[in-house]
Amino acid sequence: MTQTVFAPWNDPDAKPLIEFKGVTKAFGDFVAIDDLSLDIFEQEFFALLGPSGCGKTTMMRMLAGFESVTSGSILLAGKDIGPVPPNKRAVNMMFQSYALFPHLTIWDNIAFGLRRGNASKDEIANRVEDMLRLTRLTKFARRKPHQISGGQRQRVALARSLAKAPKLLLLDEPLGALDKKLRQDTQFELMDIQEKTGTTFVIVTHDQEEAMTVASRVAVMDEGKLIQVSTPDVIYEAPNSVYVADFIGDVNIIEGAAAQEGESVSISWAEGQPPIRARSTRSLTPGQKVHFAIRPEKLSITAERPAEAANAVTGKVLDIAYLGNISTYHVELPSGDVLKAQSANTRRIARRSFTWEDTVWLSWTETAGVVLEQ
Amino acid sequence: MRRLILIAVPYLWLLALFLVPFLIVLKISLSDIALSIPPYTPQLDLSEGWAGFRAFLSGLDFENFAFLTTDDLYWKAYLSSLQIALLSTVMTLLCGFPIAYGIARAPHEWRPTLLMLVILPFWTSFLIRVYAWMGILNTEGLLNQFLLFLGVISEPLTILNTNTAVYIGIVYTYLPFMILPIYAALEKMDESLLEAAEDLGCSRVSAFWLVTVPLSKSGIVAGCFLVFIPALGEFVIPSLLGGSQTLMIGKVLWEEFFSNRDWPVASAVAIVLLLILIVPIILFQRNQQLQREAEG
Ligand SMILES: Nc1ncnc2c1ncn2[C@@H]1O[C@H](COP(=O)(O)OP(=O)(O)OP(=O)(O)O)[C@@H](O)[C@H]1O
Ligand SMILES: [Mg+2]
């Protein structure tokens, strides 16, 4: 059996479910969304990632119909949804503030949307019970929202938005208030639901790990603009800018001047240090200022200089952060730069090979990092 | 000790300002009319000691309450008061809710001003405002002149000295008591709840009935009681704006006291009125309690 890769964004014939076409949203003279174009495909699990205030909620609210676009248009299944009121859109949203109805029980909150359709009483009851089970709220069905905890409320909001099995589900930080265990369970639950129902999900999250786990594609935003839209591995391994590299995960950034020869780039970055050898398919002007970004786990740390390493620098261990499964070493180079290197703790901590003030070598291959122009 | 004092304060307040006057009125209602000052007997004469007290007790009876049942006037007045109070409460609600809603949805910086405008009439005397209504409503009054000027009517309307004028007066006077609690409830409401309702398939109108109204219920109930309870015993408005056919228990009470100088019967009327009011007052307290619990 061949497994086809789900990647409609690479298929020129695929029709997107949602199209943002040059969408701008201004509040007064403050531009929250700035000429943004984006396609989201059916059955995608699309994550919006970005710092607070970058416009994630605003994008969701435009999709749900609570915010009109200032210019540009949003198409859902090929139709402009601008004039469609929120209650006529096959879109459900889980609100960042949950927006549970305080006068209704948990049960009635979840049933609220179902009752607006023409489902029979039994269908509604079955669906609500399913949702309660899914979110592990069965015990609390008869309580009012003020009688349950914050995390439970979040699950009610999730259950309520899932209940109608919408074509497009918007989740605005759905898991923020959950503890790690429940969060992971719910993440897998979400992916499971997504697989079962084929619903398209757009999820806002502050947690990049979450975005990496659940999303088919991730969009990194800043100040109302999309900086990069790609699959999680591309975002992580091949960020298109220092901003994205820095925003997602830990990274070492080294600034230098580039010299290119074919795809090989050598970056001179400090007096008395050999230039960094890297690869880039982009054409750089000689002497151009570039940033070299490399993830800490791509640096190997050794006591002796490895014989065949493309790049190797030496330095002193400044600090060690023990994270259980891995340790992060902060290594100070003679130039004063500090590089972070990670290695898995395959041995017990007492038998660790390096300690503070040790002189170590950091090495990496030519393809381990990326050369960024901005 | 401090706690005890703190708890005692409201009870002393209740004792001094409600229970003692109530007992005095109750006692008068059980007495007989007399040509003396004060105009009823028996009076408690403590100088004769125990015998005096016994004589005093034996002088008390329920004659006046029995009298209230003999004359149609009284129960008709109670019924008509109930009807006027109920109807005007409904009308006040119909006027007050949209106003409260409007204020709660107005831009933030406007709200204090709008609330101020609601309370502003209290700065002038109630009596003067009712007199002003007489000037507006009478046959040569402002309203008739205005309508004649517009050509809407050709003959002046008789509004003053009818029940219509009483309704107008009550609605006007008690409107703030309706607006304020409803506003308080609406103002607390999170607007994203309406968005959530719409998102889940409600139209604007059904979101209003399914979310806004239930969430402002406690305010609506409080407002209704705050209007209904005083309106039931209202005396000034019916006697100034109402006509001879306007029958309200407050007016009857006033006439018993001041025209007939029959204090015992007047007190009996007052006691019965209070008994009628106890039911809504208890319901009102329960509403407040439930609301506090819901806010928990
Ligand atoms: N109704 C509004 N009026 C004016 N400015 C607004 C309004 N709504 C949002 N904004 C502004 O638009 C920007 C984007 O807001 P948005 O709520 O989309 O941020 P966000 O990315 O969801 O942030 P967070 O992660 O903190 O939720 C913010 O700077 C915010 O102040
Ligand atoms: Mg947000």
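The values are calculated or read from the model by the stated rules, or taken from the named source; none is laboratory data. Computed from a prediction, not measured in an experiment: that's the story for all the values here. Every residue, glycine among them, receives a Cβ derived from its backbone with ideal geometry; neighbour counts consider all protein chains shown. Side chains are part of the model used for accessible areas, which takes the heavy atoms of the whole protein and leaves out ligands, DNA and RNA. Shrake-Rupley method; radii C 1.70, N 1.55, O 1.52, S 1.80 Å.
Assorted remarks:
- Heavy atoms of B:His108: accessible area, 1.4 Å probe, square angstrom to 10: 130
- Label-reachable residues, the range B:245-273, where backbone N falls under 16 Å from a point 7 Å from B:Leu79's Cα toward its Cβ: B:246-249
- Considering the range B:150-278 at the alpha-carbon level, its Rg and Dmax are found to be 21.0, 66 Å.
- Where GluC sites (Glu not before Pro) in DSSP loops with at most 13 other Cβ within 10 Å are excluded, longest remaining stretch of chain B: B:1-139
- Solvent accessible area, Å² - A:Asp39, 1.4 Å probe, full protein context: 60
- Cross-link partners of A:Lys196 among lysines (Cα-Cα below 18 Å; sequence separation of 8 or more within a chain): A:Lys164, A:Lys167
- Kirkwood's formula applied to the C-alpha pairs of the protein assembly as shown gives a hydrodynamic radius of 32.5 angstrom.
- For the protein assembly as shown, a simple Cβ point-charge model (Lys and Arg +1, Asp and Glu -1, everything else neutral) yields a dipole of about 1320 debye relative to the Cα centre.
- Dipole of the range A:8-245 [Lys/Arg +1, Asp/Glu -1 at C-beta], most positive-end residue of A:Ala32, A:Thr138, A:Asn92: A:Thr138
- Violating pairs (Cα-Cα greater than 32 angstrom) within the set A:Lys139/B:Lys217; A:Lys144/A:Lys180; A:Lys79/A:Lys144; A:Lys144/A:Lys225; A:Lys56/A:Lys79: A:Lys79/A:Lys144; A:Lys144/A:Lys225
- Per atom type, chain B shows carbon and sulfur on 72% of its accessible surface, probed at 1.4 Å.
- In straight-distance terms, cross-link reach from B:Lys251 covers every one of the aspartates and glutamates whose alpha-carbon lies under 17 Å from its own, apart from those fewer than eight places away in the same chain; here that gives B:Asp71, B:Asp72, B:Glu234, B:Asp262.
- Note on the range A:8-245: Kirkwood hydrodynamic radius from all Cα pairs is 18.4 Å, rounded to one decimal.
- Ranking B:Asn64, A:Val317, A:Ala258 by how far each Cα lies toward the positive end of the dipole of the protein assembly as shown (charges on Cβ) leaves B:Asn64 at the top.
- Placing unit charges on each Cβ (+1 for Lys and Arg, -1 for Asp and Glu) gives chain A a dipole about its Cα centre, and among A:Trp361, A:Asn345, A:Ala270 the Cα reaching farthest toward its positive end belongs to A:Asn345.
- The antiparallel fraction among DSSP beta bridges confined to the protein assembly as shown stands at about 75%.
- Placing B:Ile170, A:Ile227 in order of accessible area, with the largest value first and a 1.4 Å probe, yields A:Ile227, B:Ile170.
- Computed from Cα atoms, the angle from the helix B:72-105 axis to the main principal axis of chain B rounds to 30 degrees.
- Filtered trypsin sites (Lys or Arg not before Pro), the range A:256-330: DSSP coil and at most 16 other beta carbons within 10 Å: A:Arg282
- Using only alpha-carbon positions in the range A:250-372, the gyration tensor eigenvalues give semi-axes of 28, 14, 12 Å once each is multiplied by 5 and square-rooted (largest first).
- Rounded to whole Å, sorted largest first: equivalent-ellipsoid semi-axes of the range B:188-255, Cα gyration tensor: 43, 12, 7
- Here the Karplus relation 6.51 cos²θ - 1.76 cosθ + 1.60, evaluated at θ = phi - 60°, turns the backbone of the range B:262-274 into coupling constants of 9, 4, x, 5, 4, 5, 4, 4, 5, 5, 4, 4, 4 Hz, with x for every Gly and Pro.
- 21 Å tail of the calculated P(r), the range B:1-148, as % of Cα pairs: 76
- P(r) weight above 11 Å for the range A:1-47, C-alpha pairs, percent: 74
- Sorted largest first by accessible area at a 1.4 angstrom probe radius, with every protein chain in place, the residues A:Arg143, B:Arg2 fall in the order B:Arg2, A:Arg143.
- Amide H within-cut-off set for A:Ile203, under 5 Å, with H built and near neighbours excluded: A:Phe46, A:Ala47, A:Leu48, A:Leu171
- Against the main long axis of the alpha-carbon atoms of chain A, helix A:150-163 sits at an angle near 60°.
- Of the chymotrypsin sites (Phe, Trp or Tyr not before Pro) found in the range B:234-294, the ones in coil according to DSSP and having at most 15 other Cβ atoms within 10 Å of their Cβ are B:Phe235.
- Distant alpha-carbon pairs in chain B (separation over 24 angstrom), percent: 66
- B:Cys202, B:Cys95, reordered so the largest accessible area comes first (probe 1.4 Å): B:Cys95, B:Cys202
- Accessible-area value, B:Tyr74, 1.4 Å probe, nucleic acids and ligands omitted, Å²: 10
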